[in-house]
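Before any comments, here is the structure.
The values are calculated or read from the model by the stated rules, or taken from the named source; none is laboratory data. This is a predicted model, so every value here is computed, not measured. Note that we place each Cβ from the backbone using ideal geometry, even for glycine, and neighbour counts take in every protein chain shown.
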Amino acid sequence: MADDETLSQGERSVLSLHPHWKTLLRPFCILVVVVAAAIVALVLLPARSDLAAARIGIGALALLAAIVWCVVPLLRWKTTSYELTTRRLRLRRGILSRSGRDFPLIRISDVSFSHGLLDRLLGCGKLVVESAGEHGQLILTEIPQVQRVQSTLFQLVEDEQARLAREDR
């Protein structure tokens with residue numbers, strides 16, 4: 001995900017991920033409904049040559065619905081990324097314009113997770129990162145393997161605190 005040139009000296013990427021694939025279930029179901037509705041509409045339309053514009057309209061409407069309700073969420077999922085490095089938690093998102101947020105590990109004071117029954121079955125959940133400063137709490141939803149991410153982040157925070165303590169001596 002991130003190029004090594006975007007990392008500071010001595011920093012390395014530990015974990016890179018996108019939101020859980022569960023976020024794509026709804027757009028996929030919508031796509032199935034849109035395609036089925038378009039097929040039904042085309043089949044029910046009489047086979048007359050003067051209805052060619054109606055057929056094109058149905059196809060265009062189905063295509064527009066698929067783009068808005070399916071392709072855009074897919075692109076949003078693909079362009080949203082979370083990266084844990086040895087020094088920070090990096091968030092990146094955006095399709096046409098990008099935005100990012102970095103949380104230095106040294107500012108993180110608590111890391112917790114939660115997941116319901118469906119999330120447990122699918123292997124995802126919500127990660128809550130609390131940091132000192134004006135931003136307070138960061139809540140990340142649909143994190144794949146949330147328990148592993150939480151423990152990795154917690155370990156990285158401890159490692160960063162130990163590294164800074166060694167540098168202060």
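Structural remarks
- Of the listed requirements (1) under 18 Å from Thr6 (Cα atoms); (2) touching a helix residue (DSSP H, G or I) at 6+ places or on another chain (Cβ under 7 Å), Cys124 misses just one: (1).
- Of all residues in the range 138-169, those satisfying the criterion of being touching a residue at least 24 places away in the same chain (Cβ under 8 Å), within 20 Å of Arg107 (Cα to Cα) and in a strand (DSSP E or B) are Leu138, Leu140.
- Selection status of Ala38, surrounded by 17 or more Cβ atoms within 10 Å (Cβ to Cβ), under 28 Å from the mean Cα position of the chain (by Cα) and over 30 Å from Gln9 (Cα atoms): no
- Unmet requirement for Ser49, which otherwise passes all of (1) at pLDDT 95 or above; (2) polar (S, T, N, Q); (3) loosely packed, with under 13 Cβ neighbours inside 10 Å: (1)
Yes or no, residue by residue, for (1) in contact (Cβ under 8 Å) with a residue 60 or more places away in the chain; (2) within 30 Å of Val14 (Cβ to Cβ); (3) in the same structural domain as Asp159 (by TED's automatic domain parsing); (4) surrounded by fewer than 16 Cβ atoms within 10 Å (Cβ to Cβ):
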| position | (1), (2), (3), (4) |
| --- | --- |
| Cys29 | no, no, no, yes |
| Val34 | no, no, no, no |
| Leu44 | no, no, no, yes |
| Gly57 | no, no, no, yes |
| Leu61 | no, no, no, yes |
| Leu64 | no, no, no, yes |
| Arg88 | yes, yes, yes, no |
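- If the condition is being over 16 Å from the mean Cα position of the chain (by Cα) and crowded, with 16+ Cβ neighbours inside 10 Å, then the range 131-145 contributes only Ser131.
- Taking the numbered list (1) in contact (Cβ under 8 Å) with a residue 12 or more places away in the chain; (2) under 16 Å from the mean Cα position of the chain (by Cα) in turn, Ser97 passes all entries but (1).
- Screening Val111, Val14 for residues that are under 20 Å from Pro144 (Cβ atoms), in the same structural domain as Gln147 (by TED's automatic domain parsing) and touching a helix residue (DSSP H, G or I) at 6+ places or on another chain (Cβ under 8 Å) leaves exactly one candidate, Val111.
- Residues (of a type outside the set (Ser, Thr, Tyr) and free of Cβ contacts under 8 Å to residues at least 24 places away in the same chain) located in the range 1-27: Asp3, Asp4, Glu5, Gln9, Leu25
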